[in-house]
1. For the stretch 82-104, which positions are farther than 20 Å from residue 143 by Cβ and among the basic types (Lys, Arg)?
2. Exactly one of these conditions fails for residue 64: (1) more than 21 Å from residue 154 (Cβ to Cβ); (2) surrounded by fewer than 18 Cβ atoms within 10 Å (Cβ to Cβ). Give me its number.
3. Anything in the stretch 160-218 that is in a loop (DSSP other than H, G, I, E, B) and within 25 Å of residue 279 (Cα to Cα)? List them, or say none.
4. What are the pairs, 6+ residues apart or on separate chains, where a residue within the stretch 245-263 that is under 13 Å from residue 211 (Cα atoms) has its Cβ under 8 Å from a residue that is of a type in the set (Val, Ile, Thr)?
5. Looking at the stretch 219-266 only, could you name the residues that are under 24 Å from residue 293 (Cα atoms), touching a Ser or Thr at 6+ places or on another chain (Cβ under 8 Å) and either part of a loop (DSSP other than H, G, I, E, B) or hydrophobic (A, V, I, L, M, F, W, C) (or both)?
6. Scanning for something more than 14 Å from residue 212 (Cβ to Cβ), modelled with pLDDT of 95 or more and over 22 Å from the mean Cα position of the chain (by Cα), does the stretch 319-327 turn up at least one residue?
7. Exactly one condition in (1) more than 23 Å from residue 126 (Cα to Cα); (2) surrounded by fewer than 21 Cβ atoms within 10 Å (Cβ to Cβ) is false for residue 186; which is it?
8. Go over the candidates 124, 129, 109 one by one and state the one that is touching a residue at least 12 places away in the same chain (Cβ under 8 Å) and over 20 Å from the mean Cα position of the chain (by Cα).
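The values are calculated or read from the model by the stated rules, or taken from the named source; none is laboratory data. Here the structure is a predicted model, which is why all the values come from computation and not from measurement. Note: ideal-geometry Cβ built from the backbone for every residue, glycine included; neighbour counts use all protein chains shown.
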Amino acid sequence: MYLALAPEPSAFMPFPDASPATSDRWTSRCRKVGFVGLGAMGAPMALNLIAIGHELTVFDLNEAAVKALVAKGATAAASPKEAAEGAAAVFTMVPNDKILRDVVTQPSTGLLHSLKGVHISCSTIHPDTARELAALHASHGSEYVGAPIFARADGVAARLASFVVGGADAAIDRVMPLLEANSNGVFRFGPDAGAGNVVKLCGNYMIASAIESCAEALSLAENSGLDRLAVMSMLNTTIFDCLIYKGYGNRVAQRSHVPGEALVGPGFQLDLGLKDVTLALDVAHKVRSPMPFGSVLHDRFLAASAKGRGSMDWSAIALSVSEDAGIDVSNFIPVGNGKRRKVA
């Protein structure tokens, strides 16, 4: 199934309705749009485009996700290729490099074989994959823009996402109204199609580092006889009063790591965090940029995944930190259908 998940918390606030002039600006250049990948992030992005008047053709292997968009005015496609036919632009929001390559290049279904406009790839992938796909698009008469996204699903729904973009200026200019329709910031990093993916990996690496450091610090506090909730509350209302430490710090402090819980929301799967840290380390190796803490993070995610926690929120690496510190966290590990163990 083509799914789209992204980790970063985003403040949630109402977004003012687009004025007619603004709506016209957003829709005038790229009215017909395709969208592939209707997961936690893709679905609200697609809904935003429908809301401002785009003719949207959508594809996902999850039929229920497609039906939900069709009920809002989208047209269903039988393949990515069909979603791209006649479109000025096509968004893709899928979990990894392999799925994205398949979406683009499959001989009978790939969007590469019908797209004449711009492919806007919002997935967190290896920068080299983005560059490879950009070259493929150029050889087929279409264009590629790498536009990974920093947001949570609620932030996307409120049009508060941040795009980090790499690609040809002319292509970015053409799709800028579409990016603006889903964001409160579009940050351009030059003509390299993989540049935005480098920025995204940097950001995700920093978030993973923050989760690990919060977990270590709170285990130290707890083993020193302090209330971990009180310690985190003090820190994230003073010197660490910012989005990441408030969001993830509170999850770590309360050991809330199950998607669907109030503090977690849709969450971001731990196994996807492992993928992103692995990608960051590979890029670091290729450009000869040491990231020694990256090895700590990689092993932490790998061990947590090996313990069967890959579908939990990626903040669940904090449970392993507590375990290493001799703290019993068995009551906070889900059993079966995301249910917690009963406290004895």
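1. Correct list: 98 only.
2. (1)
3. Those that are in a loop (DSSP other than H, G, I, E, B) and within 25 Å of residue 279 (Cα to Cα): 167, 168, 189, 190, 191, 192, 193, 194.
4. 248/207; 248/211; 251/264; 252/211; 253/231; 255/329; 256/264; 257/264
5. Correct list: 243, 252, 253, 255, 257.
6. yes
7. So residue 186 meets the others, but not (1).
8. None of the others qualify; the one that does is 109.
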